[in-house]
Amino acid sequence: MLHELLGIKNNRLDLRKGKASGRDPTEEEFVLSCNQDEFYEANMFEDFGTLATNMKEYLEEANRKRTSSIKIESLNDMQRVLDSMPEIKKLSGNVSKHVALTCEVSRLIEEGELMDLSLVEQEIACSTRDNRIEHFRKVMEVLQNQRVSNLQKLKLVIIYALRYENDDKIPIFIDKLKALEVSPENLGLISQVCQFAGKNSRTSDLFATKDILAMASSMLSRAMKDVPNVYTQHKPFVSTLIEHIRQQKLRETDYPYTNWRNFRDSRPVDFIVFILGGATYEEAKEINFLNRSGSGTVAFLGGSFIHNSRTFLAEMSKFGKETRESTDVKIKME
């Protein structure tokens, strides 16, 4: 979420580009490291609702430590007070950092109505049946919402175009985006993403609409409330890929250099998933969850980049131009 909304670069997050006013000048750039920040390590993959609850408890803990008094009756008591000061100061500074980040994320979510937008995105991406009439209606509602940025609207149309390729409603969306002054270059991203990751380019069942077992599994998971909430329904394809590795069911046509005979009668225990072109924090979250599931196997995720949606679309822009001059997606944000 932080990388998607604010951007993390070299474990640093810069709030100086934000629009919030009245922020303390010292609270502009933060270091995020799970090796040095216990709260970040514990919550880096949590959804926003859980994060807010844990943030409240973290703040209360820091307040208790800051206001607690130690009765001084000896030199040893004085030493304990002195020894605890750096810890309390460190905890207080860390709390300030995470409060600032949480408040900024909350502001962006509220201003852009991102919770409602996320719900529409999840429904389109995770629905195992063709529901394009309802999805068309919801996308049109988003396109008419002045609080949602043009970039978010463009991304939603791209998701719809991937889900329902060649649908006759896609030109209607493009006309709406044109009326919002989205540039022709950015409108071209819709076809470029479909060309790069559309049905004719991918071999996997990305939306779980071809394989009967995959459809049944997806529907059963929702029926059994396996999904924590409607905002976290989507699971990246890497989870399916890892499951196939564990079961030694990778298709040889898709992965021709995989030789399961090397494992003989045993399943792979440790393996590396390296994604050329770039991985995402959502994929890292899924692998972290699978590693903690007690399955007996451990996966390591690698990639040539850590993408958010903006940097991915920038890559698609380069893909369309066959050049590496573009570094960002330029789009009218109002």
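The values are calculated or read from the model by the stated rules, or taken from the named source; none is laboratory data. No experiment lies behind these values; they were computed from the predicted model shown. Backbone-built Cβ (ideal geometry, glycine too); neighbour counts: all protein chains shown. Please note that ligands, DNA and RNA were not included when accessible areas were found on the heavy atoms of the full protein model with its side chains. Shrake-Rupley method; radii C 1.70, N 1.55, O 1.52, S 1.80 Å.
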Taking a 1.4 Å probe, which of LYS155, LYS9 shows the most accessible area, and what order do the others take after it?
LYS9, LYS155
Given the whole protein assembly as supplied and a 1.4 Å probe, what does the accessible area of LEU301 come to in Å², nearest 10?
60 Å²
Could you report the accessible area of ARG12 in Å², rounded to 10, computed with a 1.4 Å probe on the protein chains as they sit in the structure?
110 Å²
Here the FRET efficiency for PHE319 versus ILE8, based on Cβ atoms and R0 = 22 Å and rounded to 0.05, is 0.40
Could you order LYS97, LYS285, LYS249, LYS199 so the one with the most accessible surface comes first? Probe is 1.4 Å.
LYS249, LYS199, LYS285, LYS97
Filter on LYS9/LYS235; LYS176/LYS285; LYS153/LYS318; LYS169/LYS235 - keep pairs with C-alpha separation over 32 Å
LYS176/LYS285
Using a 1.4 angstrom probe on the protein heavy atoms only, line up ARG64, ARG310, ARG163 by accessible area, largest first.
ARG64, ARG310, ARG163
